[in-house]
Amino acid sequence: MVSFAPAQPAAMDARHAAARARVRARCAAASPAVPTGARNLAAVLDLGNAVYFTFRGRAYGVPPLPWAAGAALHALWTQALAYPSPLTAETQPAYYALIRQLPPLLWRYTRPVGAWRRLRRRLGLLRNPFRTASERELVELADFFLSRRMTSGVRFRPDALPAGT
């Protein structure tokens, strides 16, 4: 049988302080030390933010471009810009083969605006609008997409590279 007896406020405060100390000690032992400052908070909060643009009267959203896609796009873009301005008969097929790789890459990371259009895209019924884009439009779109690349919070360390590179 449990018996109840009146307690003085000072005794109750001492018991509460002792219980709080036990809880704090258990929590400190259970969890490792957490860094005091949040890191990459802006990058994490920016993951869901899409920037919208209009292409031929339709709105599209572009979330931050993953690092690998940004690297592939940058490689295509720099290779396309390296070709001489008046294309010769020898360089023309290679240049247009390179340009032909841009529309599928751009379309992969584009999000149509509107639930119906997103559903049609997911079902494969919405066609790539960039397939008929001109050279100039593709270069402008590539510039825009390159501005959406995610950056790494890791600093470059040249001493970490393997020897011979």
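Since every read-out is calculated from the coordinates, none of them should be taken as a lab result. All values derive from a computational prediction rather than experimental measurement. Heads up, the Cβs are rebuilt from the backbone with ideal geometry, glycines too, and the neighbour counts pull from every protein chain shown.
Among the trypsin sites (Lys or Arg not before Pro) in the range 35-122, which ones are in a DSSP loop with at most 14 other Cβ atoms within 10 Å of the Cβ? Mind listing them?
ARG39, ARG56, ARG100
Determine the gain in length on full extension of the stretch HIS74-ALA21; use 0.36 nm per residue of separation and subtract their C-alpha separation, reporting nm with one decimal. Show your work: numbers first, answer last.
Working: separation 53, 0.36 × 53 = 19.08 nm, distance 5.66 nm.
Contour length minus Cα-Cα distance gives 13.4 nm.
So how much slack lies between ASN128 and LEU146, counting 0.36 nm per residue of separation and subtracting their Cα-Cα distance, in nm? All intermediate terms of the calculation are to be shown ahead of the outcome.
Working: separation 18, 0.36 × 18 = 6.48 nm, distance 1.91 nm.
Net length gain for the segment: 4.6 nm.
Quick one: order VAL62, VAL51, VAL139, VAL23 by neighbouring beta-carbon count within 10 Å, fewest to most. Mind dumping the intermediate values first?
Values: VAL62 19, VAL51 13, VAL139 16, VAL23 10.
Placing the least packed residue first, the sequence is VAL23, VAL51, VAL139, VAL62.
Residue separation times 0.36 nm, minus the C-alpha to C-alpha distance between ALA28 and ARG58: what's the value? Each step should come with its number before you reach the end.
Details: separation 30, 0.36 × 30 = 10.80 nm, distance 5.48 nm.
Length difference between fully extended and current span is 5.3 nm.
Amide H neighbours of LEU126 under 5 Å, counting only residues 5+ apart in sequence or on other chains, H built in-plane at 1.01 Å?
Those lying under 5 Å, H to H, from LEU126 are ARG121.
Output the Kirkwood hydrodynamic radius of the range 41-147, Cα pairs only, in Å rounded to one decimal. Kindly include the intermediate steps, with their values, before the conclusion.
Values: mean 1/r = 0.0662 Å⁻¹.
For the range 41-147, inverting the mean 1/r across all distinct Cα pairs yields 15.1 Å.
Dipole size in debye (nearest 20) for the range 41-147 around its Cα centre, Lys and Arg Cβ +1, Asp and Glu Cβ -1?
Values: 13 positive and 6 negative charges, 163 e Å.
Computed about the Cα centre, the dipole is about 780 debye.
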